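Below: one structure, written as structure tokens.
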Amino acid sequence: MSKLYQELDGPHFDYELVPVAGDDRELYRGPAVPIDGPYIACIGGAQTFGRFVECPFPTQLSKRLVLPVLNLGLGGAGPRFALLPHVLRLLQGARLVVVQMFSGRSTSNSLFDNSEYGRGGGRLRATGEWSSFEKCFRDLFATGDRDRIERIVKESRDDYVDSMTQLAAALPCPKVLLWMSRREPAYTPRWNDVFGVLRHYPQLLDDGVVERLRPRYDAYVQCVSENGLPQRLWRAEAKVEGARLGDDGYLYNEYYPSPEGNDEVAAALEPVCRELLTGAAGQPSPSAV
């Protein structure tokens, strides 16, 4: 997705895509970070990557804490992406890890197997056919079987909690769980339509999921904001994936956190990360010296 974002958004945004530690299986958002010294890692979806943002919250956090911050945000990523050996190795080498709550669409259930991809795509268990999670859910809702829908939702949430718990257990350093969204975790599902259950990012997740995961992490930061949305981007003749084309001929971001939203997240994370770094080192963090 990183390459796709750069192709779609250039020349208006330069995401400075770089491989990490010579591993070119994925390109991550720059600037490049040396991993042979102390660093912080941030992992999550496109919100951590910082689409349509010049200075995403990981970059801001680096400036605030005076430590390199490795941005491992990747569009469509889910908890299992963070558990891939080449990704987990980077997380385990960090002094502190910020784990943005990935979308609940990157999960498995009795209809859909996400384990091969760790992202929003997967295979239908009945046929082995590749499918998006959204299509699987649309087909499920078309049945009108509410009991089955509720069961699949519960299975997906349980799978998400299990993967995120595995990730927390695998990280030896302090770890922060980050809720970054335009909505609160708590909501009442509307069981008659897909969006009524998925809602805005991080789709499908609710306060019950958050409360089950909070004890697994050293800290929890919640940042709910619609500030700066819709964000006017650039004049265009055609729609770009992930943005709406307005009647005025400009593209508008209505989905990804705005620059203002990233500012808010960085400000909320700073004191929490500073305290955890101080406790982990037993001495003031670099930014406090």
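Some values worked out for this structure:
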item: Subset tally (residues that are surrounded by fewer than 16 Cβ atoms within 10 Å (Cβ to Cβ) and either among the hydroxyl-bearing types (Ser, Thr, Tyr) or touching a His at 6+ places or on another chain (Cβ under 9 Å) (or both)) for segment 221-240; result: 1
item: The listed residue being of a type outside the set (D, E, K, R), modelled with pLDDT of 95 or more and part of a strand (DSSP E or B), out of 251, 277, 269; result: 251
item: Checking residue 75 against (1) surrounded by 24 or more Cβ atoms within 10 Å (Cβ to Cβ); (2) touching a residue at least 40 places away in the same chain (Cβ under 8 Å), the condition it does not meet; result: (1)
item: Answer from 123, 119 - the residue that is over 21 Å from the mean Cα position of the chain (by Cα), outside any helix (DSSP H, G or I) and not polar (S, T, N, Q); result: 123
item: When residues of segment 208-234 are limited to those that are of a type in the set (S, T, N, Q) and either assigned to a helix (DSSP H, G or I) or over 15 Å from the mean Cα position of the chain (by Cα) (or both), the one farthest from residue 267 (Cα to Cα); result: 231
item: Scan of segment 48-77 for residues that are on the phi > 0 side of the Ramachandran plot and among the β-branched types (Val, Ile, Thr), ordered by number; result: 66
item: Criterion violated by residue 138 - all others in (1) touching a residue at least 24 places away in the same chain (Cβ under 8 Å); (2) part of a loop (DSSP other than H, G, I, E, B); (3) among the charged types (D, E, K, R) satisfied; result: (2)
item: Looking only at segment 126-162, and only at residues there that are exposed (fewer than 15 other Cβ atoms within 10 Å of the Cβ) and aliphatic (A, V, I, L, M), the one that is nearest to residue 192 (Cα to Cα); result: 142
item: Exclusive hit being closer than 16 Å to residue 178 by Cβ, surrounded by fewer than 24 Cβ atoms within 10 Å (Cβ to Cβ) and in contact with a helix residue (DSSP H, G or I) (Cβ under 8 Å, 6 or more places away or on another chain), set 65, 27, 83; result: 65
item: Residues within segment 6-42 that are within 20 Å of residue 260 (Cα to Cα) and not in a loop (DSSP other than H, G, I, E, B), tallied; result: 2
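The values are calculated or read from the model by the stated rules, or taken from the named source; none is laboratory data. Everything numeric in this text was worked out from a predicted model, so none of it was measured. When we count neighbours, we look across all protein chains shown, and the Cβ atoms used for this are built from the backbone with ideal geometry, even at glycine.
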